[in-house]
Each structure stands twice: as structure tokens, then as C-alpha cells.
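Asks: I'd like to ask some things about the structure below.
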Amino acid sequence: MSDAGRPPVDAMTNPRADRVRDVAKLAGRPARLKRRQFLAEGPQAVREALRAHRDCRRAGGSAVVETVYASLECLKRYPEMLDIAQDPASRLAIRIASDTVLAAMSDTVHPQGIIAVCNFVDVPLSEVLAARPKLVAVLCQVRDPGNAGTVLRAADAAGADAVVLTSSSVDIYNPKSVRATAGSIFHLPIVLGADAAQLVADSRAAGMGVLAADGYGHLNLDLLQDESAARSFNVEVPGAACRLEDRTMWLFGNEAQGLAEDEKALADHRVAVPVYGGAESLNLGTAATTCLYASARAQRRGEQ
């Protein structure tokens, strides 16, 4: 706000302006697909979007962020937003907007004072495989946007090299999915619309093993971790069916039904996360996190 308590004269203050409506339309899938753009809302997501934009531009890549809209109060609270946007590599200006304008643009009930219009960040599968990834997470028929975002965030935290969503999975650019990633959507390659069978065939041809997370799987994740740890001490493990330290693609299934039988059949092995208490099963986010970290730890142990 200005000293008089009013927004600057060039601030956006009309919540019914055409530009405001155009931004708000990105909460819907038709507008996202047509424009190949999506919304990142809140300080965490926008900060990571700006960093990704700056780094991509430094490397000679295309823009990640098109426009940022923020309140003065938010920029005072998070001055690093301006610092990143004003970096010579970024070449971005942040538009000042009133709280009513930001509320009209936002998909959330309580806007957090800053919104970025971002370009789609997904990449072709061929680009991912050409980089010889060690760890990839695949979401097969995952329909809940919050779950998809949570798994993507877990994959990022585990140091995975990519996340793939099959053609029957949720739109990862759904505002709820983007929020659930907490900025991780800008950290690692994402492949969309993959056919599961072709994906597995291409990945296996590129030298990756394929594991299916299955509560009734014939392999026990804890035992696989024990075997991997033993090998790190040069202890021979006779008859080991699977090596977590190898390059691995994990298949994770639908929240309610898990992986379909034809999806399980694509894998080299079906692996169960053991449940020692009375719970029927683990939810998707917890199971995926456990599996990805098991592989990540084994792979890093093998590098030591």
C-alpha cells in the first residue's frame, strides 16, 4: 500500500477485468489445455516456479513463468520473490494486485497473496530415458489430485529422476495437485499421458527394472532392503530375486483398487510393503514414499 493506505495507481484493482478472468479460467482444464498454462499459488509454489524459470533461462531454455501477480504485503513478507524475478536471467516483472483481484484469480478459499501463471513443464518420455534415470515413479490410474501431488512431492524428496502419469491418471496441473506438490512440480521431469505397456517396454529396453507396488506381492520390501544392505558389506545373498540398488521404475496404482492385473503383469516383480499392525493397508502416498525411499537408500548405499 502507499503511504495513504491506497494501492499504487498502476495496481490491478478491478476483479472483473478481462485479464483477471483470463487468469481465473486456468483453474479449469479446458483453458489449461488450450493455452498450455497453469496456476501456481502461494509463496512456496511461486518461489519454486521463479527459481525454475531463472535457472531455465540461464541455461538458454524457454520460460517457465509468464506472469506473477502479488500484493504489496506479500512482497514485503517475501522479498526474495522480487530478487529472483529481477535477476537479469529472469526478465520478469511482478504485477501488483489488490486482495480482491487475487481472490478473483485464485482457486483457493483463502488466497496467499501471490499467483504465477506458468507454462506446462512436462517433457517427452524419450527425454527422460535418454538421461539414463536411476529411479522413476509411475502413477497408473491415480485419480485424486491431492494424491498425485503428494506422490510427486515424495518422489522429489527421495531424489527420483522423473515422475510419469499414465493417460488415465488425473491432470497434474489441477490446482489441487499443484498445491499438493509444494513446488516439487518444478523440480523434476514429468511425463504425461503415457501408455503403461509402451512405457514399460521402452523403459526396460533402456535398461530399467520394473517393480509393482502390490500389497499382495510375492516379495517383501523389508527383506529386499536387508539383502541390499548385506550386499553393501560384500555379503553374498544367494537366490536374490531383485536388487533395489539397480535402476528401477516403480508402478503405483489407483487409490481404491491399486494396480490392475494387466499393470501388475507388466512388472518384473510385485513388491509388498509389510504391514505389522492391524491396518488393512497403507494409503497411496505412504506406500509410494516407502518404496521410493527404499530404492533411493539402496542406490546411494551402492555408490558409497
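The values are calculated or read from the model by the stated rules, or taken from the named source; none is laboratory data. Nothing here was measured: the structure is a model prediction, and the numbers come from that model. So basically every Cβ, Gly included, is an ideal-geometry build from the backbone, and we count neighbours across all protein chains shown. Heavy atoms of the whole protein, side chains included, go into the accessibility calculation; ligands, DNA and RNA do not. Shrake-Rupley method; radii C 1.70, N 1.55, O 1.52, S 1.80 Å.
Asks: Cβ neighbours within 10 Å, averaged per peptide: list 169-175, 278-284, 95-101 in order, most packed at the top.
Replies: Per-residue Cβ counts within 10 Å, averaged per peptide and sorted highest first, yield 169-175, 95-101, 278-284.
Asks: Once you put a point 7 Å from the Cα of Ala279 and another 7 Å from the Cα of Val237, both along the Cβ direction, what distance in nm separates them?
Replies: Placing both labels 7 Å along Cα→Cβ, they lie 2.4 nm apart.
Asks: Would you mind working out the magnitude of the charge dipole of the range 94-190 relative to its Cα centre, with +1 at each Lys and Arg C-beta and -1 at each Asp and Glu C-beta, to the nearest 20 Debye?
Replies: So the dipole magnitude of the range 94-190 works out to roughly 120 debye.
Asks: Please give the per residue accessible area of the range 141-255, computed with a probe of 1.4 Å over protein heavy atoms only, in Å².
Replies: Ligands and nucleic acids excluded, the figure is 40 Å² per residue.
Asks: Also, I was wondering about something else. Farthest toward the dipole's positive end in the chain, which of Ala240, Phe120, Ile96, given Cβ charges of +1 (Lys, Arg) and -1 (Asp, Glu) about the Cα centre?
Replies: Of the listed residues, the answer is Ile96.
Asks: Specify whether the C-alpha gyration tensor of the range 137-218 places it in the rounded, prolate or oblate class, a ≥ b ≥ c being the square roots of the eigenvalues: rounded for a/c under 1.5, otherwise prolate if a/b is larger than b/c and oblate if not.
Replies: Because a/c hits 1.5 or more and a/b exceeds b/c, the range 137-218 counts as prolate.
Asks: Let me have the relative contact order for the range 107-196, percent, based on Cα pairs under 8 Å that are six or more residues apart.
Replies: 35 percent
Asks: At a 10 angstrom cut-off on C-beta neighbours, averaged per residue, how do the peptides 254-261, 148-155, 70-77 rank from highest to lowest?
Replies: Going by the mean number of other Cβ atoms within 10 Å, highest first, we get 148-155, 70-77, 254-261.
Asks: Using 31 Å as the Cα-Cα cut-off, could you pick out the over-long pairs in Lys76/Lys134; Lys134/Lys264; Lys34/Lys134; Lys34/Lys76?
Replies: Beyond 31 Å: Lys76/Lys134; Lys34/Lys134; Lys34/Lys76.
Asks: Also: Sorting check: for 122-130, 230-238, which peptide has the highest mean count of neighbouring beta carbons within 10 Å, and how do the rest follow?
Replies: 122-130, 230-238
Asks: Tell me, what does the Kirkwood hydrodynamic radius of the range 8-146 come to in angstroms if you use every pair of distinct C-alpha atoms?
Replies: Over the range 8-146, the inverse of the mean reciprocal pair distance is 16.3 Å.
Asks: Compute the projected area of the convex hull of the Cα atoms of the range 204-304, averaged over all viewing directions, and report it in nm² to one decimal place.
Replies: For the range 204-304, the mean projected area of the Cα convex hull comes to 7.0 nm².
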